[in-house]
Amino acid sequence: MTPRAIFISRSFDQIGNQLQQFAANGGKLFAQSLLRFEGIKNENIPLSDVVFISSIRAAHFFFQDQGIPKVLYACAGKETERKLLEQYQIECAYVAEEAGNPSQAAVTFKEWLKERTVLFPSSEQSLLSYSSLIPTSQKTERMVYRTLANPVAIPPCDYYVFSSPSNVSAFLEVNQLPSNARCIAWGKSTEAALNSHQIPVYHCLTEGSVQELDAYLRTHVFQSMEL
């Protein structure tokens, strides 16, 4: 199916080259996060050997409140690794390779962590996939921001790229998917959220990065188009 219109639940500067070129060539692109965020104040967070950063947004709210501790850093996925280096000059000692499959990546992270203590700054709506396997005595969990729905009506599209379970929920508050729409999920958690609403997933990203999305769109969606 050659797309005439595509929705992605991310802002235009976070969607990758393929979708930007699609829009530049006259395609109807709706790039819109359906969420807003607010920080949660924390005091007296104990020091840990490792800070695990699940997303660059978690990093932003954590560092804004706590500064940047001089510890080891771990993160979920190469995109978060890249942004931590670009924005905060932080080099991660551990990067979860399959960020789109957190249940599997959590096993690998636990093996890497060994006996070290770890701090998880995260969203109030986090599924806590990585921290769930770590013994209570070894971890500190702190909610550093909350995710709030900001639903927007989206015109009918051929493809929908959902970047998080929260964006799925916000979308469905005011929208319905066309019966022939094809959904792309940004990892297993987003896929599960779509499936919970009986929405089939056409493709699920495993790394959860714009580079992976670009590669998939180039070879499976835009292969017959000159972009």
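What follows draws every value from the coordinates through simple rules; no lab data is involved. In this text the structure is predicted, and so the values were computed from the model without any measurement. Heads up, the Cβs are rebuilt from the backbone with ideal geometry, glycines too, and the neighbour counts pull from every protein chain shown.
The label-point distance for residue 104 and residue 174, in a model that sets each label 7 Å from Cα toward Cβ, rounds to 3.7 nm. In a shell of Cβ-Cβ distance under 12 Å around residue 142, excluding residue 142 itself, what net charge do Lys and Arg (+1) and Asp and Glu (-1) give? Net charge in that neighbourhood comes out at -2.
How far is it, in nm, from the label point at residue 91 to the one at residue 218 when both lie 7 Å from their Cα along the line to the Cβ? Each label point lies 7 Å from its Cα, and together they span 2.8 nm. Judged by the gyration tensor of its Cα atoms, with axes a ≥ b ≥ c, the stretch 37-146 is rounded; a/c sits under the 1.5 cut. Between residue 141 and 120, the built amide H atoms are under 5 Å apart, and every one of these is 5 or more places off in sequence or on another chain. Considering only 184, 134, 45, the mean-square fluctuation computed in a Gaussian network model of the chain, springs between alpha carbons under 10 angstrom, is largest for 45.
How big is D, in µm² s⁻¹, for the chain by Stokes-Einstein at 25 °C and 0.890 mPa s if Rh is the Kirkwood radius over C-alpha pairs? In µm²/s, the coefficient rounds to 133.
By how many degrees, 0 to 90 and rounded to 10, does the Cα axis of helix 78-88 deviate from the longest principal axis of the chain? Result, in degrees: 60. For the stretch 20-31, putting each phi into the Karplus relation 6.51 cos²θ - 1.76 cosθ + 1.60 with θ = phi - 60° gives couplings of 5, 5, 4, 5, 5, 8, x, x, 7, 10, 10, 9 Hz, in residue order, rounded to whole numbers and with x for Gly and Pro. Relative to the longest principal axis of the Cα atoms of the chain, helix 102-113 runs at roughly 30 degrees.
Converting phi to 3J(HN,Hα) with the Karplus coefficients 6.51, -1.76 and 1.60 and the offset θ = phi - 60°, the stretch 118-129 yields 9, 10, 10, x, 8, 7, 4, 9, 4, 7, 6, 4 Hz in sequence order, with x at every glycine or proline. Each residue of the stretch 207-215 was assigned a 3J(HN,Hα) from its phi angle through the Karplus curve 6.51 cos²θ - 1.76 cosθ + 1.60 (θ = phi - 60°); the sequence is 7, x, 9, 5, 5, 5, 4, 4, 5 Hz, with glycine and proline shown as x. Near the amide H of residue 100, within less than 5 Å, lie the amide hydrogens of 207, 208, all on another chain or at least 5 residues away, with H placed in the peptide plane. Straight-line cross-link partners of residue 70 among the lysines, defined as a Cα under 30 Å from its Cα and at least 8 positions apart when in the same chain: 41, 78, 83, 110, 114, 139.
A run of the chain free of exposed loop cleavage sites, with trypsin sites (Lys or Arg not before Pro) counted only in DSSP states other than H, G, I, E and B and at most 12 other beta carbons within 10 Å, reaches its longest extent at 115-227.
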